[in-house]
Amino acid sequence: MDKRRSFRSFTEILLSFSFRILLLIGLLFLILQGMNVSFRYGHGLFYERAMEKEPGREIQVEIRQGESRKEIAENLKRLGLINNETAFVLKAKLYHSLLLPGEYTLSTAMTQIEMLDYLSEEGQKNQELSDKKILKETETETSSTDDSNVIGDGNESE
């Protein structure tokens, strides 16, 4: 009877110890996996590299009115211009990049920050040109309307 109790006690201790070891190994595995994921995410976020070496390929990109940063990032990833959508969206927010609608030509040799700078600068240029064009058209319409009113007034007084 005593041998059974001691054997049972020994078995319980051994199983308990084995369970704890397995639990610690599982916990260590999860911690290492978390570190790996964190490293890859941080590396993608802070390490700047282009998808291809110079000269790369030029790819036409269209940003539509009302398109979110996330949708733009998904489109850029689909076209092979970036490999980390989340990093692109976060960088766009951090750099306060204006992603205005329009047609753009991007290169696979550009880093994400170069793309954001290019999209912001070209978008602002396009916006300014569009505003100037609208302003000139408005001025032309206004001046032609004013001219017709002056001519009409002059004819009526004669």
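The values are calculated or read from the model by the stated rules, or taken from the named source; none is laboratory data. Just so it is clear, the structure is predicted and the values come from calculations on it, not from any experiment. Note that we place each Cβ from the backbone using ideal geometry, even for glycine, and neighbour counts take in every protein chain shown. These accessible areas exclude ligands, DNA and RNA; they are computed on the full protein's heavy atoms, side chains included. Shrake-Rupley method; radii C 1.70, N 1.55, O 1.52, S 1.80 Å.
Figures for the structure shown
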{"item": "From Phe19, Phe39, Phe10, residue being open to solvent by 90 Å² or more (accessible area, probe 1.4 Å), under 30 Å from Leu81 (Cβ atoms) and of a type in the set (Phe, Trp, Tyr)", "result": "Phe39"}
{"item": "The one condition in (1) under 27 Å from Gln127 (Cβ atoms); (2) at pLDDT below 90; (3) open to solvent by less than 30 Å² (accessible area, probe 1.4 Å) that Ile59 fails to fulfil", "result": "(2)"}
{"item": "Number of positions in segment 89-100 that are under 19 Å from Gln65 (Cβ atoms) and open to solvent by 50 Å² or more (accessible area, probe 1.4 Å)", "result": "1"}
{"item": "Per-region count, segment 63-88, residues under 10 Å from the mean Cα position of the chain (by Cα), surrounded by 13 or more Cβ atoms within 10 Å (Cβ to Cβ) and touching a residue at least 40 places away in the same chain (Cβ under 8 Å)", "result": "2"}
{"item": "Counted residues, segment 113-141 - those being open to solvent by 70 Å² or more (accessible area, probe 1.4 Å), under 27 Å from the mean Cα position of the chain (by Cα) and among the aliphatic types (A, V, I, L, M)", "result": "1"}
{"item": "Some residue of segment 40-54 being part of a helix (DSSP H, G or I), closer than 30 Å to Tyr104 by Cα and either modelled with pLDDT of 90 or more or among the charged types (D, E, K, R) (or both)", "result": "yes"}
{"item": "Of all residues making up segment 77-88, the number that are under 13 Å from Ile113 (Cβ atoms) and either in contact with a Lys or Arg (Cβ under 7 Å, 6 or more places away or on another chain) or assigned to a helix (DSSP H, G or I) (or both)", "result": "2"}
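For every residue, the table says whether it meets (1) outside any helix (DSSP H, G or I); (2) aliphatic (A, V, I, L, M); (3) closer than 17 Å to Glu62 by Cβ; (4) in contact (Cβ under 8 Å) with a residue 12 or more places away in the chain.
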| residue | (1), (2), (3), (4) |
| --- | --- |
| Leu99 | yes, yes, yes, yes |
| Ala109 | yes, yes, no, yes |
| Glu122 | no, no, yes, yes |
| Gln127 | no, no, yes, yes |
| Ser130 | no, no, yes, no |
